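Read-outs throughout are calculated quantities, based only on the coordinates presented, and are distinct from any laboratory measurement. From a predicted model like this one, the values you see are computed outputs, not experimental measurements. Here Cβ is always computed from backbone atoms with ideal geometry, including for glycine, and neighbour counts include all displayed protein chains.
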Amino acid sequence: MSRNILVLGAGMVGVSVAWHLARRGHRVTLVDRREPGRETSFGNAGIIQREAVRPYAFPRDLGTLLRVLPNREVDIRYRPTGMVSAAVPLLQYWHNSGGARYDRIVKEWASLIMRCQDAHAPMIEAAGAEDLIRKGGWLELYRTQSALDERVAKAREDRERFGVEYEVLSAEQLQAAEPYLARELVGAIHWTQPWMVSDPGALVQAYARNFEEQGGRLLQASVEGITREGNGWHVTTSEGALEADQVVVALGPWSSDVLMQLGIRVPLFVKRGYHMHYSTEQGATLNHWVMDAERGFLLEPMRAGIRLTTGAELADLNAPPKYKQLAAAERAARNLFPLGKRRDAEPWKGARPCMPDMKPVIGPAPGKDGLWLAFGHGHQGFTLGPATGELLAQMMDGETPAIDMTPFAVDRF
């Protein structure tokens, strides 16, 4: 039976949910204050990460904590006010980042990651977006043999448990693959399965256009309020009121603000990040997406130039930007690869919506008939949007989802 459904949020997750619901014949309106794919989904590294079966854990070893404490690192920075305001979920995050708890989370998280490419593939084809996709994997670079050996041991385990595929490159093999990288590197892991996207925002926009071609409606408006009325829902926006049988909240880091209006509290916090595009010098080319694993930044050959993306900044969602982390990443990146001039007028800043157990919220809101949730994917909203849309659509249509969705229910908190 066709239903009238509102999807709030037009990032990769919201667009994917809307796409799957429209494909099933529902009347779907996708609402966002900006054009699709212009927030968090715009600024990521552009990798559909089939290999990412281990969610990012909070550092627990003393060495890492002492390294991070001075707040000068590239991979992790923090602001005291942000740490205080998110103290409870951050403490839970730390608690979940080791031992049996983390082992269970990895298994549950991997059940989503393993679906990512099968879910993206039909959307890429339907949207005619093949020109944005590059297959062949990416390189994780190492400066010390001990760090490389430790990561290879985990990769070997992930191959056995989750079908992750990779190759280990020596320094000589890495130099042959990427001749313009610094010679100090000891080797790399070549993750061979992932797909790279040369313009992440453009892929989200391509999916959104295909959603409209299927009969979906796109409305650019701010969400101002949401209430339950009768057997349906009433959503107030800057462009007027909307009525629907069902509503999906897929607003990424802003999801908790909307849900608080309904008395639903979720322990969502954000990890912010920055990026900048560059030209190259000395006729240099970068053939792969590369990550300096021991510094904590990535370089990606995008349409707009070489994109440098930073690690995480623990800060309040609306705190003003601070560009010292990006500057530190740029200094390190220039020692790794001959970057040229900056191409963007100013750095991009975004926020990743995170949950303290590293897993997204996907499913119904208990006690709120017709309200559905899809947010909290951390670093992997771009990778997991289509899988989330597929699974949530199955749940909304009363079908048994392809995997057990219990680990992603909001009432786990």
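Listing for the model above:
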item	result
Pairs of alpha carbons in the stretch 53-104 whose separation is greater than 14 Å (percent)	61 percent
Within the chain, percent of DSSP bridges classed antiparallel, to nearest 5	70 percent
Principal axes of the stretch 258-327: Cα extent on each, largest first, Å	57, 23, 22
Backbone HN-Hα couplings from phi across the stretch 5-21 [Karplus 6.51/-1.76/1.60, Hz, Gly and Pro as x]	10, 9, 10, 9, x, 10, x, 4, 5, x, 4, 5, 4, 4, 4, 5, 5
Cα long-axis angle, helix 324-336 against the chain (0 to 90 degrees, to the nearest 10)	40 degrees
Principal axis box of the stretch 113-247, alpha-carbon based, largest edge first, Å	65, 29, 26
Integer Hz, Karplus 6.51/-1.76/1.60 couplings in order for the stretch 396-406, x for Gly and Pro	5, 8, x, 8, 7, x, 5, 9, 5, 9, 4
Rg and Dmax of the chain, Cα atoms only, in Å	20.9, 68
Reference-scaled alpha-carbon Rg (2.2 N^0.38 Å with N residues) for the stretch 1-108	1.46
Cα lying deepest toward the dipole's positive end in the stretch 83-210, options Ala127, Ser97, Ala182, charges on Cβ	Ser97
Neighbour-limited loop hits for trypsin sites (Lys or Arg not before Pro), the stretch 328-413 (at most 10 other Cβ within 10 Å; DSSP other than H, G, I, E, B)	none
Cut-off under 5 Å, modelled amide H: who pairs with Lys359 long-range	none
Per-residue Cβ neighbour rank within 10 angstrom, fewest leading, Leu262, Leu91	Leu91, Leu262
Under-5 Å amide H pairs with Arg352, H placed in peptide plane, nonlocal only	Lys271, Arg272, Gly273
Choice from Tyr56, Tyr207, Tyr278 showing the highest fluctuation, given a GNM over the chain with Cα pairs closer than 10 Å	Tyr56
Mean-position separation - Cα centroids, the stretch 173-196 and the stretch 295-341, in angstrom	19 Å
Per-selection Kirkwood Rh - the stretch 170-216 (Cα, Å, 1 d.p.)	13.9 Å
Stokes-Einstein diffusion coefficient of the stretch 240-290, Kirkwood radius over Cα pairs, 4 °C, 1.567 mPa s, in µm²/s	82 µm²/s
Kirkwood Rh, Cα atoms: Rg over Rh of the stretch 370-413	0.94
Dipole moment magnitude, nearest 20 debye, the chain about Cα centre, only Lys, Arg, Asp, Glu C-beta charged	900 debye
With 10 Å bins from 0: P(r) over the stretch 163-313, alpha-carbon pairs, percent	8, 24, 26, 19, 15, 7, 1
Ranked list, fewest to most other Cβ atoms within 10 Å of each Cβ, for Trp19, Trp109	Trp109, Trp19
